[in-house]
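The values are calculated or read from the model by the stated rules, or taken from the named source; none is laboratory data. Because the structure is predicted, anything quoted here is derived from the model rather than measured. Every residue, glycine as well, gets a Cβ built from its backbone with ideal geometry; the counts of neighbours run over all protein chains shown. With ligands, DNA and RNA removed, areas are computed over all heavy atoms of the protein, side chains included. Shrake-Rupley method; radii C 1.70, N 1.55, O 1.52, S 1.80 Å.
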Amino acid sequence: MKMQNRDLKNLQKIAIDMSSMDKITMMMPVIKKMPVIDISEILGRVANDDLVLVFNEFTKEEQGEIFAEFPLVKQLGFFQRVSKKLFARIFEEMPSDARADLFQLMTQQEQVDLLPYLNKNIKENVLSLSSYPADTAGGIMITDFATVSKSMTCFEAIQQVRKDSPSKKTIYYVYVVNEDKTLVGFITLKDLIIAEPDVLVEDELHTEFVFGYLSDTSESVAKKIDKYQLVALPIINDKKQLVGIVTHDEALDVIQAEHTEDMERFMGIISNNEELDYNQTSIFGHFKKRVFWLVTLAVIGIGAGMIIYSYEATLMQLMILALYMPMVASTGGNAGSQSATVVIRSLALGQITIQSWLKVLWKETRIALMLSVFLGLVAFAIVVFLNYGTEIPIDYSLVSIGGVIALALSLQIITSTVIGALLPIIVRRFKGDPAVAASPAITTIVDITGLLIYFALATKFFNLE
């Protein structure tokens with residue numbers, strides 16, 4: 001494995017530094033023995049004009065598999081550089097879902113230019129799949145699956161599967177349909193192989209199965225596949241007819257995309273639907289994704305400055321308060337972010353619902369109380385230890401100052417934890433994305449509440465004006 005990884009890195013360097021086709025041609029015997037995903041990583045760095053020549057070293061089926069693993073931007077760039085007749089040969093060999101994704105990315109004129117070069121079945125398939133929204137089950141399903149009739153024998157079913165020769169990654173489940181394509185169950189490839197040749201498919205049929213509808217969201221379908229540990233999930237229409245399947249690797253892509261989107265929103269970055277990685281996104285693209293929340297929170301953060309300004313007299317009378325202001329604010333922000341993270345993840349996994357908000361509040365409050373007591377004691381010890389021997393105004397004592405700061409920190413932790421727990425639930429209640437209520441927003445909010453608590457307590461206990 002180490003040797004293979006080293007070879008892959010060396011080949012990628014060769015592809016990056018390539019100035020002629022001689023180098024890649026020289027390495028072709030090694031490249032052709034590698035897995036498709038590794039080949040695509042290497043060839044994805046080759047210029048589009050040279051890629052035409054490189055593809056001649058592979059069969060049509062291999063070309064389609066390799067090309068399907070390229071980023072969509074690379075696929076589209078290649079399409080725009082080569083003849084439509086040449087591209088159609090590669091396009092037809094791509095998995096059906098990958099074809100649909102690329103077709104949707106093309107302009108209307110590009111679609112019109114390509115369609116005449118596709119055979120009738122491929123043309124109908126790509127138009128059908130492209131008609132579904134990208135975030136639905138129909139938008140991520142594939143049509144490369146095997147079907148048999150329950151009246152067949154297991155031997156006849158195996159012959160039928162051979163004849164259909166679907167994609168290797170979708171052959172584990174063989175779906176059983178009746179004359180009008182209504183899904184009645186499935187049989188596994190293992191069942192077919194083990195069963196006696198003359199046994200009817202009906203006798204080995206699994207009639208209890210999980211399925212999805214065309215209009216289901218891609219996220220809900222992916223969760224079903226993850227929950228039931230499925231290789232693939234059948235997708236049916238309103239008439240219960242089998243129209244496609246969603247494979248586990250497609251579900252993994254959906255879950256990964258959702259996690260990326262949630263993480264971006266959690267950190268105050270506006271997500272978009274472009275399937276671009278960090279390097280493929282332009283500097284201006286990164287700027288657009290980040291600037292909105294930064295500006296919004298900066299404006300909201302003015303409130304914190306106004307609070308400090310309004311308590312300027314308090315700070316002037318007891319400057320030691322300024323030293324521990326950041327500690328109180330940052331601790332509250334961290335506590336709120338922790339609470340929000342736990343709640344958002346639990347909402348995403350279905351472990352809690354909007355209706356269970358009271359249970360969540362009670363649990364988080366008890367956690368906050370424990371944290372507040374512990375951290376309050378730590379804060380008190382820090383204040384007394386760091387300021388021991390420091391000159392304190394005669395009307396105050398170090399113990400009383402440490403006590404007020406510790407109390408403010410404790411109250412800040414409780415309020416921050418409660419805010420962090422409830423805000424995502426409130427956002428979900430109003431049909432929003434809980435992730436947008438997370439880290440930056442919560443930090444800004446609890447900064448303001450923390451300062452109010454801090455100065456209100458100091459003013460009250462020390463009779464400051």
Criterion: in a loop (DSSP other than H, G, I, E, B), more than 22 Å from residue 89 (Cα to Cα) and at pLDDT below 90 - qualifying residue of 9, 33: 33
Looking only at the stretch 100-122, filter to residues that are closer than 21 Å to residue 237 by Cα and in contact with a Phe, Trp or Tyr (Cβ under 9 Å, 6 or more places away or on another chain); which one of those is surrounded by the fewest Cβ atoms within 10 Å (Cβ to Cβ)? 122
Looking only at the stretch 127-156, and only at residues there that are in a loop (DSSP other than H, G, I, E, B), open to solvent by 30 Å² or more (accessible area, probe 1.4 Å) and among the hydrophobic types (A, V, I, L, M, F, W, C), the one that is nearest to residue 112 (Cα to Cα): 134
Residue satisfying condition, being free of Cβ contacts under 8 Å to residues at least 12 places away in the same chain and either at positive phi or touching a Leu at 6+ places or on another chain (Cβ under 8 Å) (or both), within set 313, 304, 329, 322: 322
Residue count for the stretch 53-85, restricted to those that are part of a helix (DSSP H, G or I) and open to solvent by 40 Å² or more (accessible area, probe 1.4 Å): 10
Taking only the stretch 329-367 into account, find how many residues are open to solvent by less than 30 Å² (accessible area, probe 1.4 Å), at pLDDT 90 or above and of a type in the set (A, V, I, L, M, F, W, C). 2
Looking only at the stretch 142-156, filter to residues that are modelled with pLDDT under 90 and among the aliphatic types (A, V, I, L, M); which one of those is farthest from the chain's Cα centre (by Cα)? 146
Within the bounds of the stretch 388-411, is there any residue that is open to solvent by 30 Å² or more (accessible area, probe 1.4 Å), at pLDDT 90 or above and under 16 Å from residue 333 (Cα atoms)? yes
Yes or no: residue 393 under 12 Å from residue 339 (Cα atoms) and in contact (Cβ under 8 Å) with a residue 24 or more places away in the chain? no
In the set 14, 24, the lone residue that is open to solvent by 20 Å² or more (accessible area, probe 1.4 Å), in contact with a helix residue (DSSP H, G or I) (Cβ under 7 Å, 6 or more places away or on another chain), modelled with pLDDT under 80 and not basic (Lys, Arg) is 14
Hey, does the stretch 366-384 have a residue that's out of contact with any Leu (no Cβ under 8 Å at 6 or more places or on another chain) and either among the polar types (S, T, N, Q) or touching a residue at least 60 places away in the same chain (Cβ under 8 Å) (or both)? no
Please tell me if residue 384 is β-branched (Val, Ile, Thr) and open to solvent by less than 70 Å² (accessible area, probe 1.4 Å). yes
Out of the residues in the stretch 298-320 that are in contact with a Ser or Thr (Cβ under 7 Å, 6 or more places away or on another chain) and open to solvent by less than 40 Å² (accessible area, probe 1.4 Å), state the one that is modelled with the lowest pLDDT. 301
What pairs come up if the first residue lies in the stretch 179-194 and is closer than 10 Å to residue 154 by Cα, the second is surrounded by 11 or more Cβ atoms within 10 Å (Cβ to Cβ) and among the small types (Gly, Ala, Ser), and their beta carbons are under 6 Å apart, counting only those six or more places apart or on different chains? 192/157
Scan the stretch 96-111 and tell me whether some residue there is in a helix (DSSP H, G or I), acidic (Asp, Glu) and farther than 21 Å from residue 36 by Cβ. yes
Quick one: residue 132 ticks every box in (1) out of contact with any strand residue (DSSP E or B) (no Cβ under 6 Å at 6 or more places or on another chain); (2) under 25 Å from residue 171 (Cβ atoms); (3) modelled with pLDDT of 90 or more bar one, so which box is it? (3)
